[in-house]
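Derivation of every value follows stated rules applied to the coordinates shown; laboratory data play no part. Since the model is a prediction, treat every value here as computed from it, not as a measurement. Using ideal geometry, Cβ is built from the backbone for each residue, glycine included, and neighbour counts are taken over all protein chains shown.
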Amino acid sequence: MARSFYIRLRRGDHLLDHEVEFPDLESARRGAAKGAKALLSECIKRGRDPTEEAVIILDYDRSEMESVALLQTLPDLLRDRIEIREGTHARDKSEPRAGLWSWLRQ
């Protein structure tokens, strides 16, 4: 009997109900990466902060195996630039990730 894997979106501490089924772990990983890139693009287009969102890979028992944070899908060069800028960028104390998100939206 083949065991399926699933991906779901997590926003903060909330796991959304919709899930997509995959026949094996490798295809679930590819689906999670592709989905995370598409969701990051939508967040940027709509002006929604993606820093607390991730695509979660679940096994056949619906136990979490891996996660792909939306911001992990950025190219290394861009991620490095953000981290350098964050280190020197003053943050608004009421919104800890304000510097990163405002820079991404520029």
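Between residue 60 and residue 37, the FRET efficiency estimated from the beta carbon spacing at R0 = 41 angstrom works out to 0.95. With the simple spin-label model, which puts each label point 7 Å out from Cα in the Cβ direction, the residue 2 to residue 51 separation comes to 4.1 nm.
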